[in-house]
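*Asks:* Here it is: the structure, laid out below.
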Amino acid sequence: MAPWAEAELSALDPLRAVWLTLTAAFLLTLLLQLLPPGLLPGCAIFQDLIRYGKTKCGEPPRPAACRAFDVPKRYFSHFYIISVLWNGFLLWCLTQSLFLGAPFPSWLHGLLRILGAAQFQGGELALSAFLVLVFLWLHSLRRLFECLYVSVFSNVMIHVVQYCFGLVYYVLVGLTVLSQVPMDGRNAYVTGKNLLMQARWFHILGMMMFIWSSAHQYKCHVILGNLRKNKAGVIIHCNHRIPFGDWFEYVSSPNYLAELMIYVSMAVTFGFHNLTWWLVVTNVFFNQALSAFLSHQFYKSKFVSYPKRRKAFLPFLF
């Protein structure tokens, strides 16, 4: 095993522990959903916690105790408002440190140390973390735009626990990126004369993958939104229809697949070797795979003519 891998595996800091726990939870939940129907856990609360939006609909009706904790799915926009503000603030702090030499706020530096960020020099490239934080902020800004102006939400719901998880998630993701910045005290450490001297081939590849994945996710959300609009762009209904076009020809939830590819592009930008971020990617994989599988089941149960060759999440595989 390479020396850097041995060093990475030797320390399970709080951030890695959190992402590993979330990954294990989503993996277990996905495996339970893949069981034959007779073996699938029938607990209403369990099913209510893992389903949202259209996948909550069906028979029998959900118990009143579950409906009491409903939050409108259109509140998804709150996730991205929080992310744009919080991760924009983190990006501003990092920019100030990298280009102006300003130290991180003491409370933020203390929080990063609690989460497991170490004092090191010459390990991770500061440019990698800077670019990933830029990508995360741009991703959140685009998703907020889509929630407000592209997507058409019906009256479907999410559980309040899912809502709270979504709010915390983007705060934690931003802190995870910032914790990968090489630090010298409260300042970001930059090797070389300036930040641009750290540019590597994987930064270009990661940027290209990010743009490509983001463009496809946007196309898929436009396709979904247009299913509920007329040619003039006016919303005419909130019913579900079978989507076609772009990656919908291969999978039921290409927007979830694109989300995964966006996080993979960030792993590439980190230079492929960042274990902490690969744990984030693995969490995203099982999280999005679970949502895609439940969505795929919904489409197949609702539409007799649903394309049989279309997979749930991974083209030709799953």
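*Asks:* Tell me, please, whether a residue that is open to solvent by less than 40 Å² (accessible area, probe 1.4 Å), more than 28 Å from Leu34 (Cα to Cα) and part of a loop (DSSP other than H, G, I, E, B) can be found in segment 241-250.
*Replies:* No - not one qualifying residue is present in segment 241-250.
*Asks:* Please work out which residue is nearest to the chain's Cα centre (by Cα), limiting yourself to segment 74-86 and to residues that are open to solvent by 40 Å² or more (accessible area, probe 1.4 Å) and either among the hydroxyl-bearing types (Ser, Thr, Tyr) or within 21 Å of Cys238 (Cβ to Cβ) (or both).
*Replies:* In this case the residue turns out to be His78.
*Asks:* What number of residues within segment 185-208 satisfy the criterion of being farther than 21 Å from Val264 by Cα and either surrounded by fewer than 13 Cβ atoms within 10 Å (Cβ to Cβ) or in contact with a His (Cβ under 6 Å, 6 or more places away or on another chain) (or both)?
*Replies:* The total comes to 7.
*Asks:* Mind telling me which of the residues Ser140, Ser154 ends up being within 17 Å of Gly174 (Cβ to Cβ) and among the hydroxyl-bearing types (Ser, Thr, Tyr)?
*Replies:* Ser140
*Asks:* Out of curiosity, is Val280 β-branched (Val, Ile, Thr), under 14 Å from Val132 (Cα atoms), touching a helix residue (DSSP H, G or I) at 6+ places or on another chain (Cβ under 8 Å) and crowded, with 22+ Cβ neighbours inside 10 Å?
*Replies:* For Val280, the condition - β-branched (Val, Ile, Thr), under 14 Å from Val132 (Cα atoms), touching a helix residue (DSSP H, G or I) at 6+ places or on another chain (Cβ under 8 Å) and crowded, with 22+ Cβ neighbours inside 10 Å - is met.
*Asks:* Among the residues of segment 251-269 satisfying the criterion of being open to solvent by 10 Å² or more (accessible area, probe 1.4 Å) and within 10 Å of the chain's Cα centre (by Cα), which is nearest to Gly225 (Cα to Cα)?
*Replies:* Top of the filtered list is Tyr256.
*Asks:* From the list Val280, Val251, Val268, which residue is farther than 21 Å from Leu27 by Cβ and in contact (Cβ under 8 Å) with a residue 60 or more places away in the chain?
*Replies:* Val268 is the lone residue from the list that is farther than 21 Å from Leu27 by Cβ and in contact (Cβ under 8 Å) with a residue 60 or more places away in the chain.
*Asks:* Right, something else. Scan the helices (runs of 4 or more DSSP H) fully inside segment 87-186 and keep the ones with 2 or more residues being touching a residue at least 40 places away in the same chain (Cβ under 8 Å) and small (Gly, Ala, Ser).
*Replies:* 126-149, 160-178
The values are calculated or read from the model by the stated rules, or taken from the named source; none is laboratory data. Bear in mind the structure is a predicted one, so any value in this text is a computation, not a measurement. We place every Cβ from the backbone using ideal geometry, glycine too, and count neighbours over all the protein chains shown. SASA here: full protein model, heavy atoms, side chains in, ligands and nucleic acids out. Shrake-Rupley method; radii C 1.70, N 1.55, O 1.52, S 1.80 Å.
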